[in-house]
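**Student:** Sharing a structure with you now.
The values are calculated or read from the model by the stated rules, or taken from the named source; none is laboratory data. Here the structure is a predicted model, which means the values were calculated and not measured. Reconstructed Cβ throughout: ideal geometry from the backbone, glycine too, with neighbour counts over all protein chains shown.
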Amino acid sequence: MTKSLNIAELETPAVLIDLDVLERNIQETAELARRAGVKLRPHFKTHKSVWIARKQIEYGACGLTVAKLGEAEVLADAGFDDLLIAFPLVGKAKLGRLRALIQRGIKVTVSTDHAAVAAGISQIGESLNCRIPLYVDVNTGLNRCGKEPGEETADLVRHIAAMRGVEVRGLMTHGGHAYGAKQLSELKQVADDEVKGLVQTKQLLEKSGIPIPEISVGSTPTSKFIADQTGATETRPGAYVFGDISQLEIGSISKNELAMSILATVVSMPRPGTVIIDAGSKTFSADVNPHRPGYGFLKNNPSVYIERLSEEHGIVKVPEDVRYAIGDLVEFIPNHCCTVTNLHDRLHGVRKGKVERLITVDARGRIQ
């Protein structure tokens, strides 16, 4: 950027990031982890930005979590050297890329919930004459990856621990079902279950002579309770940096923690109660929220919300007492910040009504 722009001068649609809120969110989450005595390893997939990742390390993160090898490669190229790949690596091509990362001197921890996946990783470790650190994924309620806590997971870990090219360093889980909580007591229960299931499994394994140094839990909503959990050593929140409706509606954040918004222009008023904006599913993503209708609401008036999306159009539901004119700028909070980020090449970092910096989405589209 050659000059500082006022927000009103931006072409729309544009994703805005309030830099004051972003920096406060990063700092407060780092402080929460410090007070709890756990390591913070935030998830890179939310922002996919090297600049933001550096801010997280600056404030005390021990390393980064990534969803895919492509994200890890972007971070490695930028000088980051402690990465957890929280996704199973399957196939010759991906194992070759894992090998290349390790040969560059990057500390890479991998994850899996299946012995066949671990065996492929172990072969890479043996060929490099090293033991690749590995977390075993456990299902604590999301019903995605992971076997059940207790003996089912313990049996898997015993099998993997016998492989010569890997070292089981920890157990991990992701309490993503926390986003379905209807009240804070339900949310805290999900957080409790995350840690409880892993600690129970760790105790079984220690009786078998297998030490488990790391208990790693995820999800931004459950990370808010990390100071109340006994046994966790690491937390992996991601969406905390930006905030969104998914977090706001379950009470895990306040409006003051919403850093991301989407600026759009009113381009049509075809009928009473409806306006059309120049931002559709290619801007907002099509993720829905179980707690409120639509795909985003007006930042300063939640009764104005995006009722439907097509690719380029947002169809906005407008109450009778709200009026707009063609060309009006409107600012919406999205349902899910992570998917919004991946739709854009850059985000606009704003402070006090001006665009202070462009934030490059360095790992946009790195889904392999």
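**Student:** If only one of Glu312, Glu356 is within 30 Å of Val50 (Cα to Cα) and without any contact (Cβ under 8 Å) to a residue 60 or more places away in the chain, which one is it?
**Tutor:** Criteria check complete, one pass: Glu312.
**Student:** Another question, if that's okay. Restricted to region 21-45, and to residues that are assigned to a helix (DSSP H, G or I) and of a type in the set (Gly, Ala, Ser), which residue is nearest to Val350 (Cα to Cα)?
**Tutor:** Step by step, filter region 21-45, then rank; the result is Ala30.
**Student:** Hey, does region 329-347 have a residue that's touching a residue at least 12 places away in the same chain (Cβ under 8 Å), within 24 Å of Val21 (Cβ to Cβ), surrounded by fewer than 19 Cβ atoms within 10 Å (Cβ to Cβ) and hydroxyl-bearing (Ser, Thr, Tyr)?
**Tutor:** Checked region 329-347: at least one residue is touching a residue at least 12 places away in the same chain (Cβ under 8 Å), within 24 Å of Val21 (Cβ to Cβ), surrounded by fewer than 19 Cβ atoms within 10 Å (Cβ to Cβ) and hydroxyl-bearing (Ser, Thr, Tyr).
**Student:** Same structure again: When the residues of region 141-200 are filtered to those that are of a type in the set (Ser, Thr, Tyr) and either at pLDDT 95 or above or assigned to a strand (DSSP E or B) (or both), which remaining residue is surrounded by the most Cβ atoms within 10 Å (Cβ to Cβ)? Let's see the steps before the verdict.
**Tutor:** Here is the first cut: in region 141-200, the ones of a type in the set (Ser, Thr, Tyr) are 153, 173, 179, 185.
Among the residues that remain, those that are also either at pLDDT 95 or above or assigned to a strand (DSSP E or B) (or both) are: 153, 173.
On the way: Thr153: 26, Thr173: 31.
It comes out as Thr173.
**Student:** Also: Of the conditions (1) under 28 Å from Ala181 (Cα atoms); (2) part of a loop (DSSP other than H, G, I, E, B), Ile326 fails just one. Which one is it?
**Tutor:** (1)
**Student:** Quick one: in region 279-293, which of the residues that are closer than 16 Å to Leu248 by Cβ and touching a helix residue (DSSP H, G or I) at 6+ places or on another chain (Cβ under 7 Å) is surrounded by the fewest Cβ atoms within 10 Å (Cβ to Cβ)?
**Tutor:** Result: Pro290.
**Student:** Of the numbered conditions (1) touching a Phe, Trp or Tyr at 6+ places or on another chain (Cβ under 6 Å); (2) not in a loop (DSSP other than H, G, I, E, B), Gly294 fails exactly one; give the number of that condition.
**Tutor:** The one condition Gly294 does not meet is (2).
**Student:** So, in region 329-351, how many residues would count as being assigned to a helix (DSSP H, G or I) and either acidic (Asp, Glu) or closer than 23 Å to Val275 by Cα (or both)?
**Tutor:** Looking only at that region, the number is 1.
**Student:** Assuming Thr46 fulfils every condition listed in (1) in contact with a strand residue (DSSP E or B) (Cβ under 7 Å, 6 or more places away or on another chain); (2) under 30 Å from Lys282 (Cα atoms) apart from one, which condition is it?
**Tutor:** (1)
**Student:** Give Arg236, Arg169 a once-over and let me know the one that is under 18 Å from the mean Cα position of the chain (by Cα), closer than 30 Å to Glu28 by Cβ and touching a residue at least 60 places away in the same chain (Cβ under 8 Å).
**Tutor:** Being under 18 Å from the mean Cα position of the chain (by Cα), closer than 30 Å to Glu28 by Cβ and touching a residue at least 60 places away in the same chain (Cβ under 8 Å) holds for just one of Arg236, Arg169, which is Arg236.
**Student:** Follow-up. Before we move on, is Gly209 assigned to a loop (DSSP other than H, G, I, E, B), in contact with a strand residue (DSSP E or B) (Cβ under 9 Å, 6 or more places away or on another chain) and either acidic (Asp, Glu) or at positive phi (or both)? Quick ask: steps written out before the conclusion?
**Tutor:** On the way: assigned to a loop (DSSP other than H, G, I, E, B): yes; in contact with a strand residue (DSSP E or B) (Cβ under 9 Å, 6 or more places away or on another chain): no; either acidic (Asp, Glu) or at positive phi (or both): yes.
Answer is no for this residue.
**Student:** Can you find, within region 1-19, the residue that is modelled with the highest pLDDT among those that are assigned to a helix (DSSP H, G or I) and surrounded by 13 or more Cβ atoms within 10 Å (Cβ to Cβ)?
**Tutor:** Leu19
**Student:** With Gly296, Gly273, Gly251 as the choices, which residue is of a type outside the set (Val, Ile, Thr) and crowded, with 22+ Cβ neighbours inside 10 Å?
**Tutor:** Gly296
**Student:** Could I ask something else about it? For Gly60, work out the one condition from (1) of a type in the set (Gly, Ala, Ser); (2) surrounded by 15 or more Cβ atoms within 10 Å (Cβ to Cβ); (3) assigned to a loop (DSSP other than H, G, I, E, B); (4) out of contact with any Leu (no Cβ under 9 Å at 6 or more places or on another chain) it doesn't fulfil.
**Tutor:** Going through (1) of a type in the set (Gly, Ala, Ser); (2) surrounded by 15 or more Cβ atoms within 10 Å (Cβ to Cβ); (3) assigned to a loop (DSSP other than H, G, I, E, B); (4) out of contact with any Leu (no Cβ under 9 Å at 6 or more places or on another chain) one by one, Gly60 breaks only (4).
**Student:** Would you confirm whether or not region 65-73 contains a residue that is surrounded by fewer than 24 Cβ atoms within 10 Å (Cβ to Cβ) and of a type in the set (Ser, Thr, Tyr)?
**Tutor:** Within region 65-73, not a single residue is surrounded by fewer than 24 Cβ atoms within 10 Å (Cβ to Cβ) and of a type in the set (Ser, Thr, Tyr).
**Student:** So, one more: If Gly209 meets every condition in (1) over 22 Å from the mean Cα position of the chain (by Cα); (2) closer than 21 Å to Thr109 by Cα; (3) not aromatic (Phe, Trp, Tyr) apart from one, which number is that one?
**Tutor:** Failed condition: (2).
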